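Each remark here refers to the structure printed beneath this line.
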């Protein structure tokens, strides 16, 4: 998905974060209620064009939350995130990371497929509150945004994705580790190597966390000269 300059000026997820601190345990009924709201959403034109809304895949108590950009044609047909070619690449990464199904979840910034995989301003604005509520409910310890659109929803200051990918930082106290989109890794050998290199870096971070060595060190993205 091509990221227009105006995407950087959109409200981030922070601006839709619940103002009240969660004081009660998460309940399955609360999650189901959120899913129904997303399923019934017609706040933008994509709601009437989709085959299926694409909400979530994986655990409701994940350690790691992968956040993609938008559903593709395969996801639109299945109603499940990352089931196409890019999803297979992501699945291979998950296997290499040694993550159990109970340790991860996958969602998208957009809940409906944008035709032609083009940026949709309406959808970006409509989906932000849902994205915030999903993350607030799931409460991961790490977010892995996949691609520039996903990074921009949280930290547009880190863009471009070529600089942000592979660098560990924080967002709202959570570990934040951007990667290029898995679909991008198929476009050239250089991007494939970047995907593989950043995957190895992510494995090191998760290994340190799993070993009980405390919070992983936080780095800053490289800056342009």
Additional length obtainable on full extension of the chain from residue 77 to residue 42, 0.36 nm per residue less Cα span: 10.8 nm
How high is the FRET efficiency between residue 91 and residue 193 when r is their beta carbon distance and R₀ equals 22 Å, given to the nearest 0.05? 0.70
Cα-derived Rg to Rh of region 28-210, Kirkwood definition: 0.94
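So what's the back-of-envelope 222 nm ellipticity for the chain, counting only DSSP H runs of four-plus at -39500 (n - 2.57) apiece and dividing by all residues, rounded to 500? Write down the numbers at each step before the final one.
Numbers: 7 runs with 83 residues, N = 225.
After summing the helix terms and dividing by the residues of the chain, the value is -11500 deg cm²/dmol.
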Exposure proxy order (Cβ contacts within 10 Å, fewest to most) of 44, 112: 44, 112
Most mobile listed residue (77, 89, 208) in the chain, GNM with C-alpha springs under 10 Å: 208
Comparing 128, 26, 40, which has the greatest mean-square fluctuation in the GNM of the chain with Cα pairs linked when under 10 Å apart? 40
What FRET efficiency, computed as 1/(1 + (r/R0)^6) with R0 = 22 Å and r the Cβ-Cβ distance, is obtained for residue 141 and residue 14, rounded to the nearest 0.05? 0.75
In whole Å, what is the distance between the alpha-carbon centres of region 111-177 and region 39-82? 14 Å
Measuring from label point to label point, each 7 Å out along Cα→Cβ, what is the residue 35 to residue 121 span in nm? 3.4 nm
Per-selection metrics, region 148-210 (Cα): Rg and Dmax in Å: 11.9, 34
Could you rank the peptides 94-104, 57-67 by their average count of other C-beta atoms within 10 Å per residue, with the highest value first? 57-67, 94-104
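Every number in this text was worked out from the coordinates using simple rules, so none of it is lab data. Just so we're clear, the structure is a prediction, and the values are computed from it rather than from any experiment. Cβ sites come from the backbone with ideal geometry, for glycine too, and all protein chains shown count toward neighbours.
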